[in-house]
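Enquirer: Take this structure first; my questions come after.
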Amino acid sequence: MLTDDRKEALQEIANIGMGQAGASIAQVLGEFVQLSIPRILIVPPAEVPTTLARTVEESTVSAVRQAFYSDMRGEALVIFGQHRCNDLADLIGYEADLDHAAEVELLLDLSNILVGACLGGIAEQLNLAIGFSAPSLMADAIPLSRLLQDNPVPWTAALLVEVDFSLEKRSFACNLVILMPEAEIERLMRAVDLFLESL
Amino acid sequence: MSELSPPPRLLDFVVDRLEVGIFAVDAEMKVVLWNHFMAMHSGHEPGRVIGRNLFECFPELPRVWLEKKIRNVFLLKNYAFTSWEQRPYLFHFQHNRPVTGGVDAIQQSCTFLPVKGAGDSVEHVCVSLYDFTDTAIFHGQLSHAIADLQREKAEQRRLIEKLEEAQNQLLQSEKLASIGQLAAGVAHEINNPVGFVNSNFGALERYVLDLFRVIDALDGPDGLAGAQAIRQQIDYAFLKEDIVALFKESKDGLDRVKRIVQDLRDFSRVDSVQAWQKANLQTCLDTTLNVATNEIKHRADVVKAYGQIPEVDCLPSQLNQVFLNLMVNAAQAMNQRGTLTLATGCEGDGVWVSISDTGSGIAPENLNRIFDPFFTTKPVGKGTGLGLSVSYNIIAKHNGRIEP
Ligand SMILES: Nc1ncnc2c1ncn2[C@@H]1O[C@H](COP(=O)(O)OP(=O)(O)OP(=O)(O)O)[C@@H](O)[C@H]1O
Ligand SMILES: [Mg+2]
């Protein structure tokens with residue numbers, strides 16, 4: 001399914017998408033954002049947890065899930081470490097002291113920004129329409145090992161697009177994971193083919 | 001506008017009358033759309049709001065945060081959301097379930113939608129505000145119910161603990177009661193040897209005095225002849241034999257006292273921290289038999305049919321209690337002299353102990369009640385009906401089975 005050509009193209013698209021995302025997030029946060037080069041792979045759902053465990057460094061995590069729909073359909077997970085994103089509160093208009101609700105709201109807010117920018121970037125490259133559902137809290141400070149145990153991925157295959165974020169001047173890092181079911185991966189691949197043809 | 005689009009008036013009407021709050025602002029935060037829902041709940045007619053800065057119309061809004069949020073939608077050209085779960089409301093709107101609700105304002109989830117103009121730039125941000133009050137109230141009730149359930153669960157756990165504690169106490173009292181019951185028998189068992197050791201000492205004392213007389217006579221007027229005469233008189237040959245016999249008998253008697261005191265101590269240890277340990281059940285049976293001997297020996301002959309059994313992990317003092325209950329029951333069931341058989345053996349990776357008697361047997365209709373607490377067929381004062389019930393719990397604690 002993920003031939004070399006397609007993978008290369010998808011990688012290129014993701015790179016450009018993330019580049020744009022990084023620029024607009026930096027605009028929003030007013031600080032320079034570092035994004036890793038996206039890692040793209042297709043894995044059986046059973047391997048999603050181990051794959052995640054390889055890249056997520058923290059052992060206690062909070063996670064937000066956000067569904068996207070329209071020409072691209074799937075779920076994005078944003079996985080935060082122990083400090084979540086509390087250090088960014090003031091950049092998104094919060095006062096100093098965060099209660100639990102504000103902490104979670106901030107988490108949802110930031111996830112929404114990251115997911116929207118990254119997926120929006122990819123969709124734009126491929127000329128695909130995309131919409132987003134409201135993000136929701138999937139894990140509130142639980143061990144990483146339990147993250148996908150409690151929330152199993154019900155699909156036969158998952159496209160994993162992993163991106164790491166960090167900010168230079170703040171202690172903050174998170175991983176973005178895009179999960180898509182098999183049929184959707186195929187749809188995406190056809191869009192990639194079209195994109196390749198149009199070049 | 002294409003021919004497939006709905007008539008503009010219909011669109012306007014729907015936007016205005018939909019049961020969802022809809023408003024839009026431009027990049028200066030000036031309100032450009034304010035639908036009926038917003039007007040109704042805020043008390044601000046569109047005429048008073050449109051064209052004005054949102055935050056000037058509603059100074060109570062969390063300006064820093066909300067303005068940043070809206071600006072981000074302009075910048076990122078992407079959706080943003082708020083949820084009633086984290087932020088119950090943006091606007092403080094009275095809701096229409098003030099009595100039953102238990103919430104003080106309409107609970108709102110909002111979606112911030114970028115509205116692009118000509119070209120790619122976002123010209124407006126349109127906010128739709130959904131009423132989640134019913135969900136929130138239901139959610140609150142559900143949380144309450146869950147909290148109640150959890151409280152109940154905790155209470156039940158506490159009760160179970162108390163029950164276990166009570167059961168343990170019952171076990172201890174039953175044990176103390178049976179020790180009390182045994183006390184008379186044990187006293188008798190001790191009294192017997194003490195009695196004959198005592199009378200042996202009487203005889204020994206007389207013998208020693210006789211021996212003194214022989215020795216003292218050596219210094220008397222008749223000297224050796226006198227001593228020999230007295231030796232004749234006291235039947236020295238018999239005395240010599242009897243002293244040895246008396247000493248041996250007394251020593252045996254004292255050993256018996258020592259053993260029974262030891263057994264009683266083993267038996268009656270009411271361990272506060274019950275120690276699981278490896279023990280041989282045959283030793284337990286013997287100890288218990290010894291302590292209960294006075295209850296049994298007048299009624300039954302004891303036959304032991306012990307097989308080869310390995311040591312098992314157990315609470316020996318509690319198993320002793322079980323064995324005592326079974327032996328005493330057996331003895332009490334035998335009106336005429338009978339036989340009490342103690343047998344042991346292995347089966348699979350377990351061991352079994354059987355205590356049987358040749359007494360009355362248990363009536364079939366009682367068979368499923370004998371393990372009930374306070375079930376007894378014995379007269380008041382003789383049986384409390386706790387023996388088998390306590391035994392049942394002890395065996396259950398050992399992951400074993402007890403059956404008639
Ligand atoms: N070996 C036995 N032969 C006949 N009946 C028995 C025997 N063992 C127990 N039972 C019956 O089971 C009943 C319950 O026994 P259990 O040991 O629980 O209580 P109990 O002997 O009556 O009183 P307690 O043991 O409290 O002094 C007895 O009253 C008796 O009817
Ligand atoms: Mg009994």
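The values are calculated or read from the model by the stated rules, or taken from the named source; none is laboratory data. All of these numbers come straight from a predicted model, not from anything done at the bench. When we count neighbours, we look across all protein chains shown, and the Cβ atoms used for this are built from the backbone with ideal geometry, even at glycine. Ligands, DNA and RNA are stripped out before the accessible areas are found, and what is left, the full protein with its side chains, is counted by its heavy atoms. Shrake-Rupley method; radii C 1.70, N 1.55, O 1.52, S 1.80 Å.
Enquirer: Looking at region A:114-137, which residues lose a minimum of 30 Å² of accessible area between their chain alone and all protein chains in place, measuring with a 1.4 Å probe and not counting ligands or nucleic acids?
Expert: In region A:114-137, residues shielded by partner chains: A:PHE132.
Enquirer: Under a Cβ-only charge scheme (Lys and Arg +1, Asp and Glu -1), can you give me the dipole magnitude of chain B about the Cα centre, in debye to the nearest 20?
Expert: For this selection, approximately 380 debye.
Enquirer: Under 21 Å between C-alpha atoms is the cut-off here; go through region B:168-397 and count lysine pairs that meet it, provided they're at least eight residues apart or on different chains.
Expert: For region B:168-397, qualifying lysine pairs total 10.
Enquirer: Can you pull the one-decimal nm distance between simple spin-label points at A:ALA26 and B:PHE212, each 7 Å off the Cα toward Cβ?
Expert: It works out to 11.9 nm between the two label points.
Enquirer: Can I ask one more? May I ask you to evaluate 6.51 cos²θ - 1.76 cosθ + 1.60, the Karplus curve with θ = phi - 60°, for each residue of region B:189-201 and list the ³J(HN,Hα) values in order in whole Hz, giving x for glycine and proline?
Expert: Whole-Hz 3J(HN,Hα) from phi for region B:189-201: 4, 7, 4, 3, x, 4, x, 6, 4, 4, 5, 4, 5.
Enquirer: If you don't mind, another one. Order of B:251-259, B:7-15 by packing, highest average Cβ count within 10 Å first? Show your work: numbers first, answer last.
Expert: On the way: B:251-259: 14.0, B:7-15: 11.1.
Put in order of decreasing packing, that is B:251-259, B:7-15.
Enquirer: Within region B:262-334, which chymotrypsin sites (Phe, Trp or Tyr not before Pro) sit in a loop by DSSP and count at most 13 neighbouring Cβ atoms inside 10 Å? Spell out each step's value before the answer.
Expert: Numbers: sites: B:PHE267, B:TRP276, B:TYR306, B:PHE323; in loops: B:TRP276, B:TYR306.
For chymotrypsin sites (Phe, Trp or Tyr not before Pro) across region B:262-334 that sit outside H, G, I, E and B with at most 13 neighbouring Cβ atoms in 10 Å, the list reads B:TRP276.
Enquirer: Accessible area of region B:168-397 with a 1.4 Å probe: how many percent of it is carbon plus sulfur?
Expert: Details: 7360 of 13300 Å².
Its accessible area is 55 percent carbon and sulfur atoms.
Enquirer: Something else about it: Looking at chain B, send over the antiparallel percent of its DSSP beta bridges, to the nearest 5. Before the final figure, lay out the partial values.
Expert: Values: 33 of 39 bridges.
Approximately 85 percent, going by the DSSP bridge assignments.
Enquirer: In straight Cα distance, which aspartates and glutamates are under 16 Å from A:LYS7, not counting same-chain residues fewer than 8 positions off?
Expert: Partners found: A:GLU162, A:GLU182, A:GLU184, A:GLU186, A:ASP193, A:GLU197.
Enquirer: OK, next. About the Cα centre of region B:168-397, what is the dipole size in debye to 20, counting +1 per Lys and Arg Cβ and -1 per Asp and Glu Cβ, all else neutral?
Expert: Working: 21 positive and 26 negative charges, 102 e Å.
Charge dipole, region B:168-397, about its Cα centre: 500 debye, nearest 20.
Enquirer: So, one more: Would you list, by chain and number, the lysines whose Cα falls below 19 Å from the Cα of B:LYS153, excluding same-chain residues fewer than 8 positions away?
Expert: List returned: B:LYS162.
Enquirer: For B:LYS77, which lysines qualify as cross-link partners when the Cα separation must be under 22 Å and same-chain residues fewer than eight apart are set aside?
Expert: Here the lysines satisfying the reach criterion relative to B:LYS77 are B:LYS30, B:LYS68, B:LYS69, B:LYS116.
Enquirer: For region B:60-80, state which residues have at least 20 Å² less accessible area in the presence of all protein chains than in their chain by itself, taking the probe as 1.4 Å and leaving out ligands, DNA and RNA.
Expert: B:VAL64, B:TRP65, B:LYS68, B:LYS69, B:ASN72, B:LEU75, B:LEU76, B:ASN78, B:TYR79
Enquirer: First measure r as the distance between the Cβ atoms of B:HIS298 and B:ALA363, then evaluate 1/(1 + (r/R0)^6) with R0 = 30 Å and state the FRET efficiency to the nearest 0.05.
Expert: That pair, B:HIS298 with B:ALA363, gives E of 0.75.
Enquirer: Please report, to one decimal in angstroms, the Kirkwood hydrodynamic radius of region A:4-197 built from all distinct Cα-Cα pairs.
Expert: Values: mean 1/r = 0.0593 Å⁻¹.
By the Kirkwood definition, the hydrodynamic radius is 16.9 Å.
Enquirer: Need the full-extension length gain, B:LEU4 to B:ALA154, defined as separation in residues times 0.36 nm minus the C-alpha distance. One decimal, nm. Numbers along the way, then the final one.
Expert: On the way: separation 150, 0.36 × 150 = 54.00 nm, distance 6.23 nm.
This chain segment gains 47.8 nm when fully extended.
Enquirer: Any chance you could run the full-extension gain for B:ALA147 through B:GLU347? It's 0.36 nm times the residue separation minus the Cα-Cα distance, nm to one decimal. Intermediate results must be reported in sequence, preceding the final value.
Expert: On the way: separation 200, 0.36 × 200 = 72.00 nm, distance 4.90 nm.
Stretched fully, the B:ALA147-B:GLU347 segment lengthens by 67.1 nm.
Enquirer: Grab the Cα-Cα distance for A:SER133 and A:SER36, subtract it from 0.36 nm times how many residues apart they are, and report the gain in nm with one decimal. Present the calculation step by step, with values, prior to reporting the outcome.
Expert: Details: separation 97, 0.36 × 97 = 34.92 nm, distance 2.54 nm.
Taking A:SER133 through A:SER36 to full extension adds about 32.4 nm, to one decimal.
Enquirer: Over all alpha-carbon pairs in the protein assembly as shown, figure out the percentage whose distance exceeds 46 Å.
Expert: Details: 96505 of 181503 pairs.
Percentage above 46 Å: 53.
Enquirer: Within chain B, what's the longest stretch lacking GluC sites (Glu not before Pro) that sit in DSSP loops with no more than 11 other Cβ atoms inside 10 Å?
Expert: Values: sites that count: B:GLU3, B:GLU19, B:GLU28, B:GLU60.
That gives B:61-404 as the longest site-free run.
Enquirer: Okay, moving on. Between B:GLY385, B:ILE395, B:ALA166, whose Cα lies farthest towards the positive end of the dipole of chain B when Lys and Arg beta carbons carry +1 and Asp and Glu beta carbons carry -1, centred on the Cα centre?
Expert: B:ALA166
Enquirer: Determine the per residue accessible area of the protein assembly as shown with all protein chains present and a 1.4 angstrom probe, expressed in square angstrom. Could you put the intermediate results ahead of the total?
Expert: Details: 32700 Å² over 603 residues.
Roughly 54 Å² per residue, with all protein chains present.
Enquirer: Suppose a student asked you for the relative contact order of region B:8-140, using Cα pairs under 8 Å spaced at least 6 residues apart; what percent would you report? Don't skip to the answer; put the middle values down first.
Expert: Numbers: 221 pairs, mean separation 32.0, N = 133.
Value for region B:8-140: 24 percent.
Enquirer: Now, a different point. How many Å² of accessible surface get buried when A and B come together, counting both sides, probe radius 1.4 Å, rounded to the nearest 100? Please list the in-between numbers first.
Expert: Working: alone 9420 and 24860 Å², together 32700 Å².
Looking at A and B, the buried total is near 1600 Å².
Enquirer: Turning to a different aspect of this structure: Report the calculated FRET efficiency for B:THR135 and B:LYS162 (r = Cβ-Cβ distance, R0 = 35 Å), to the nearest 0.05.
Expert: Values: r = 40 Å, r/R0 = 1.14.
For R0 = 35 Å, the calculated efficiency reads 0.30.
Enquirer: Could I ask something else about it? Among A:PRO135, A:PRO38, A:PRO154, which one shows the highest mean-square fluctuation when chain A is modelled as a Gaussian network with alpha-carbon springs under 10 Å?
Expert: Maximum among the listed residues: A:PRO154.
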